[in-house]
Amino acid sequence: MTQTDDKPAVQITSLNKWYGAFHVLKEVNLTIPSGSRFVICGPSGSGKSTLIRCLNGLEAYQQGTVTLGTIRLGDNARETALARRQTGMVFQSFNLFPHLTVLSNCTLALRRVPSMPRKEAESLARHFLEKVRIPEQADKYPAQLSGGQQQRVAIARALCMNPRLMLFDEPTSALDPEMVKEVLDVMTGLAHDGMTMICVTHEMGFAREVADQVVFMDQGSIVEQASPSAFFATPNHPRARSFLNTLLH
Amino acid sequence: MQFDVAFALSTVPTILGAIGMTLLVAAVSCVGASAIGFGLELIRRSGGLGGLFVRFLIDFIRATPVLVWLYCLYFILPFYGIRLGALATGMIGLSLYYSGYLAEVFKAGIDAIPNGQAEAARALGIGRMDITIFVIAPQMLRNIAAPMGNYFVSILKATPYLAVLAVPEMLGRAFDIASETYRYAEPLTVAGLIFLGLALLISHAIKRLEIRLLGPTAR
Amino acid sequence: MSMLEIWLGILQGFRVTALVTLYGLVFAIPFGLIFGVAQYLTTGPARFVVTSVIEFWRSSAVIILLFVFYYALPLAGLALSAMTVSAMVLGLNIGGYASQAVRAGLQALDRGQKEAGHALGLSRATILLRIELPQALVAMSPTFINQLIQLVKATSLVSLVTLTDMTFRAKEISQIEYDPVPIYSSLLLAYFIVCYPVALFGRWVERRINPAREARRAV
Ligand SMILES: Nc1ncnc2c1ncn2[C@@H]1O[C@H](COP(=O)(O)OP(=O)(O)OP(=O)(O)O)[C@@H](O)[C@H]1O
Ligand SMILES: [Mg+2]
């Protein structure tokens, strides 16, 4: 892709979206530089999922623009598909394909989209399974794994497509507490490798340690954006303050 | 007149001789009904005018008797110069008729797949066609194996309707014997028992196959 | 022949179609209830006998059953009218399916229902009649409505044993005048007009008894 480092990885301008009469996203503007880590938080229903789903075409929007690197979504079908392919996504509910083994979950898109030969696809998949620390589970089915393991497979599956940007939508909130850490560790590792990441999460420890910027959303708008140290020390917006209070207590 | 067991037994080879025809009709109709039913369901899901028409067609099929459909095809097609013969007409009729039922089975099987499956595949950049083939269809098959097996048995049990169109399957053979010998009870009873045995055997086999195919891979 | 004459002709067969359906229900409802409950309550050899009777009626091809009983019963000294034989065969066939719905409905109930009844000191019969059956029958009512439609459609078979139902009348008319397209499409439409409102009613009942499932589907 013709991406230069001075171009932001994601540029969102005046994004507006409605569900019927309901205004879910209101004038959202956000610039995410290449190689940075953004954490999005906010109360339930504030539009966090909707926003990041707009970034890879899972949701349509009515107004505004989303630019990934040099590609403006929707301008050109082929380029949009390319940009989407270079954006990995990890869901709260894992969404692994239950009828395929862990390895096949990772190779399906490689074999179908770039038509990679089986051997090559499998060795690439094994490389990423190694990276998320479950190479030994390659031949099992998703249902035979714990939630934490499944979510790590989902991360490996997304990494196989060599994404330039990774989106996470509450990747740990469906997990039992003892499994949250193994997933966060993998995500922290990714961050240290320089991956551009946008994470919707309420794991404030992760945000403090890994994020460059914390974005706080409420009722469809971004009401505050700050570095983690500033955000946690002195949240400006009253709603951000009360949100942090409920999280901490 | 009395039920003549010896005569009944003597009709067994002749009637059993037509079991190949019965199985052929059943197999072709199962494949045809599944293919058409899946196509109908895909059109229905795609919405629009085609989807609306298919939705009505499926409701229509399900509210009308298979026997009348067979008569319709058998008498109406030749009227428009389409002469397919009784066997082909019958198999087309059973395929069309049961496609309406199988479309409903496919619908339930697809609806049971969480939305996240297609979304995850889209997020990986997999194309629409590939999503249908590699993500949706295999999971759907798992969901529909049991009801589909039931309809396959229903199709088998509907094959004797083709005797009405003079297709020489087992019931047709039994009627041939009856009209030659003027004895109806014996050949018909024999045909009934063979069909009952066949239906029980095949539904048992389908259940075994389901367990073999779907049992081990944990869900 | 005018469209009006065709429709009047088919309408003359409606009385028989309706009668066979009603008499069929007279066989189907008690059979489905008694055998469904019996299969639920019995174990061991008794259950085997109950299941065998159900399977005989359910797994046989209904068209053959109809012919067998029509031609074989007189040999056993039972001279029943075509109407009675038809109602019995079609009714018990549908009753076989209904019994499976009754049993499945009973089995699907939370065990706590029965246990709560026992804890209150109710007799087994009271628990069955006052607690289990009402819930099971309501839960399965969409299935029963579907089976009613199957019964109406199956009545088209009685035209093969000389009863003058709608299908028989259509065939008669088309012998008077070769005009298959309007005659047979009118016949299809006639069954649709009878069955479709029942199907719509079934959907309405399904939404009524299971709003939660509908709501989940809408999400
Ligand atoms: N398909 C839809 N149709 C109509 N409204 C929707 C739809 N999807 C989401 N919404 C509404 O849009 C709003 C934002 O939803 P969204 O899922 O983006 O919230 P969220 O911030 O991710 O919340 P949560 O923390 O609960 O995941 C909510 O009020 C939700 O009810
Ligand atoms: Mg969300």
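Taken together, the values in this text are just the output of simple stated rules run on the coordinates, not laboratory data. As the structure is a computational prediction, the values presented were derived from the model and not from experiment. Positions of Cβ are backbone-derived with ideal geometry, glycine not excepted, and every protein chain shown enters the neighbour counts.
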Quick check: from the Cα gyration tensor, does chain A come out rounded (a/c under 1.5), prolate or oblate? oblate
Using the alpha-carbon centroid of each, what span in Å lies between segment B:110-161 and segment B:173-194? 41
Quotient of C-alpha Rg and 2.2 N^0.38 Å, computed over the protein assembly as shown: 1.21
Average other protein chain Cβ within 10 Å of Cβ, residues B:48-58: 0
Quick one: angle between helix B:5-16 and the longest Cα principal axis of chain B, in degrees between 0 and 90, rounded to 10, please. 40
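What whole-number value in cubic angstrom gives the convex hull volume per residue for the C-alpha atoms of segment A:158-198?
Working: hull volume 2.9 nm³, N = 41.
Expressed per residue, the convex hull around the Cα atoms of segment A:158-198 is 71 Å³.
In this model, which of A:Lys17/A:Lys48; A:Lys48/B:Lys107; B:Lys157/C:Lys153; B:Lys207/C:Lys153; B:Lys157/B:Lys207; A:Lys17/B:Lys107 are farther than 21 Å apart at the alpha-carbon? Don't skip to the answer; put the middle values down first.
On the way: A:Lys17/A:Lys48 12 Å; A:Lys48/B:Lys107 32 Å; B:Lys157/C:Lys153 15 Å; B:Lys207/C:Lys153 28 Å; B:Lys157/B:Lys207 17 Å; A:Lys17/B:Lys107 31 Å.
Correct reply: A:Lys48/B:Lys107; B:Lys207/C:Lys153; A:Lys17/B:Lys107.
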Mean-square fluctuation maximum in Gaussian network of chain A, Cα pairs under 10 Å, restricted to A:Lys140, A:Lys119, A:Lys131, hits A:Lys119
List the residues, sorted by chain then number, that are 5 or more residues from A:Ser36 or on another chain and whose placed amide H is less than 5 Å from its amide H. A:Met197
Using a cut-off of under 17 Å, list every residue of segment B:73-95 whose amide N is near the label point 7 Å from the Cα of C:Ser185 along the Cα-to-beta-carbon line. B:73-82
Would you mind pulling out the separation of the Cα centroids of segment C:134-204 and segment A:74-107, in Å? 49
So how tilted is helix C:166-176 from the main axis of chain C? Cα-based, degrees 0 to 90, rounded to 10. 10
For peptide A:193-201, what's the mean number of Cβ atoms from other chains within 10 Å of each residue's Cβ? 0
Number of partner chain Cβ atoms within 10 Å, mean per residue of C:87-97: 0
Exposure proxy check: B:Ile211, C:Ile10 ranked by fewest other beta carbons within 10 Å? B:Ile211, C:Ile10
Relative to chain C, whose Cα atoms define the longest principal axis, helix C:62-72 and its Cα axis are tilted in degrees, nearest 10, by 70
Please give the net charge around A:Glu170, taking every other residue with its beta carbon less than 11 angstrom from that of A:Glu170, where Lys and Arg add +1 and Asp and Glu add -1. -1
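How much net charge surrounds B:Phe175 when only the other residues with a Cβ under 14 Å from the Cβ of B:Phe175 are counted, with Lys and Arg +1 and Asp and Glu -1? Intermediate values should be presented prior to the final figure.
Details: positive: B:Arg173, B:Arg183; negative: B:Glu169, B:Asp176, B:Glu180, B:Glu186.
Residues close to B:Phe175 contribute a combined charge of -2.
What does the net charge come to around C:Met1 if you take all other residues with beta carbon closer than 10 Å to its beta carbon, with K and R at +1 and D and E at -1?
Summing Lys and Arg as +1 and Asp and Glu as -1 gives -3.
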Given the options A:Ala138, A:Ala158, A:Ala207, which has the most mean-square fluctuation in a GNM of chain A, springs set between C-alpha atoms less than 10 angstrom apart? A:Ala138
Express the relative contact order of segment B:141-219 as a whole percentage, based on alpha carbon pairs under 8 Å and six or more residues apart in sequence. 33
